[in-house]
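Single-structure report; data block below.
Bear in mind that the values in this text are calculations on the coordinates, not laboratory data. Computed from a predicted model, the values in this text were never measured in an experiment. Here the Cβ is made from the backbone with ideal geometry for all residues, glycine too, and neighbour counts use every protein chain on show.
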Amino acid sequence: MASRIAAPTGTVEVLNGTSTEGVAKQIADTLSARGLRVARYGNADRPHLETVVEARPGARQMGLDVAAILGLRREVVTAPNLPDGLDLRVTLGEMGTSRSPN
């Protein structure tokens, strides 16, 4: 019997740094359906080329799990200054929507 990976839990913010309207809501809905609490979603303050997953200290594994769910490279930036109540911030970029080759 194959083991199942537990769904990540925590609170996430999703920001749209792309030129495509509505992407943050789509990703927020995907993460919510996987058990994460979406604190908010909206537009980033500037355009982003690549998607960035930021995690508060202690939430790196959750960030890696979210990156995997979204088909992103499993890279997470430690962000000790995330607002209170947030475990992760996902800022979506123009080129960050597909899995990178291994």
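The figures follow:
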item	result
Structure-based [θ]222 nm, the chain - -39500 (n - 2.57) summed over DSSP H runs of at least 4, per residue, nearest 500	-6000 deg cm²/dmol
Spin-label model distance (nm) - Arg74 vs Arg37, 7 Å beyond Cα toward Cβ	2.7
Relative contact order [Cα under 8 Å, 6+ residues apart], the chain, whole percent	35
Spherically averaged projected area of the chain from its Cα convex hull (nm²)	6.9
Gaussian network model of the chain, springs between alpha carbon atoms under 10 Å - residue of Asp29, Asp65, Asp45 with greatest fluctuation	Asp45
